1. Which residue, 164, 124, 259, has the most motion in a Gaussian network model of the chain that connects Cα atoms within less than 10 Å?
2. Mind grabbing the base-10 log of I(q)/I(0) for the chain at q = 0.08, 0.10, 0.11, 0.16 Å⁻¹? Debye formula, identical points on the C-alpha positions, no solvent, two decimal places.
3. Of the DSSP beta bridges with both residues in the range 3-340, give the percent that are antiparallel, rounding to the nearest 5.
4. What is the order of 113, 73, fewest Cβ neighbours within 10 Å to most?
5. Report, in whole Å, the centroid distance computed from the Cα atoms of the range 179-198 and the range 84-121.
6. Relative contact order, percent, of the range 1-150 when contacts are C-alpha pairs under 8 Å separated by at least 6 residues?
7. Given Cα pairs under 8 Å that are at least 6 residues apart, what percent is the relative contact order of the range 3-340?
8. Dividing the Cα radius of gyration by the Kirkwood radius, what Rg/Rh value follows for the range 201-326?
Ligand SMILES: Cc1cc2nc3c(=O)[nH]c(=O)nc-3n(C[C@H](O)[C@H](O)[C@H](O)COP(=O)(O)O)c2cc1C
């Protein structure tokens, strides 16, 4: 199947399947209310950093699309939402576009719409250093995302299954550009063991993209029509668990990004208290934009940030770093996960 058609399929199935009955594990995580909060709402500072890049808000729209004429308009609208809300935005994989030299306009449209926006490029872990650099140049990107998607490639009939080449290639991408390089999953999460391997290669920014929201295994299973693949919609590390693992592996200077089924400012706040520096969302933004329009997508993102700020007040956190230290209580399967990994429930990320 042609790459362009696949891009359209992904959008169609992401809308049709939604998050299913998957859950992030955040239902097992609760804040302690601070009845003596010293934080006035107008003193809350939600700015954060990804590497050396400063973001005015810790929420961004993660990789969705590009690479087919029909999706250019979606990228234009996403960039318009980014402009109106001041949030950053990642484009979908530019791997095909840099390989073929075609469809670049479907990505570059975001700069036309929002010349001063914060944008992240996106390529496969099998990209060559010069291809990754070309993806950054194509949109004047402020950061580069390199995606890991073994479950998707495994199930996708036309998937690239040369997994044995990934680590060697990643090592070559580590210093391919001046902008921060983010290693991201795509809905199956990251465990501490692999984050440590990536750190040993020199990477410092990790987007866990855990299980609980969009599932590419579910999308590819539907596309392939192979019944046995349907079980793989359950494959992955729930986002809360993945973040707990990432926070244990993280160096003080690392950047952790939470994503995978984050659908509200409440959940965004929970992931920051688990150690995240920023929070990303994809499937929900796409759904709101395509089913309800640009205005609703703007309001949705504004509400996420407003809820996050209110929770910062109620936990006594003036900054994102302070929210990272807010105490949490764990129950259910997430508490069992913490115990089975030999972690302490009261653990807080070291900075
Ligand atoms: C339609 C669609 C297309 C996507 N394409 C890409 C992609 O090209 N590159 C990538 O890194 N992630 C891609 N993703 C994955 C998202 O960036 C994100 O990691 C994943 O959907 C989990 O977040 P969510 O649960 O908020 O959707 C895509 C997601 C959707 C919904």
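1. 164
2. -0.34, -0.55, -0.67, -1.54
3. 20
4. On the way: 113 16, 73 11.
Listing 113, 73 from fewest to most nearby Cβ atoms yields 73, 113.
5. What the calculation gives is 22 Å, centre to centre.
6. It comes to 19 percent, rounded to a whole number.
7. 24
8. Over the Cα atoms of the range 201-326, Rg/Rh equals 1.03.
Every read-out reported here was derived from the displayed coordinates using simple, explicitly stated rules and does not represent laboratory data. It should be emphasised that the depicted structure is a prediction, and the values quoted were computed from it without experimental measurement. Note that we place each Cβ from the backbone using ideal geometry, even for glycine, and neighbour counts take in every protein chain shown.
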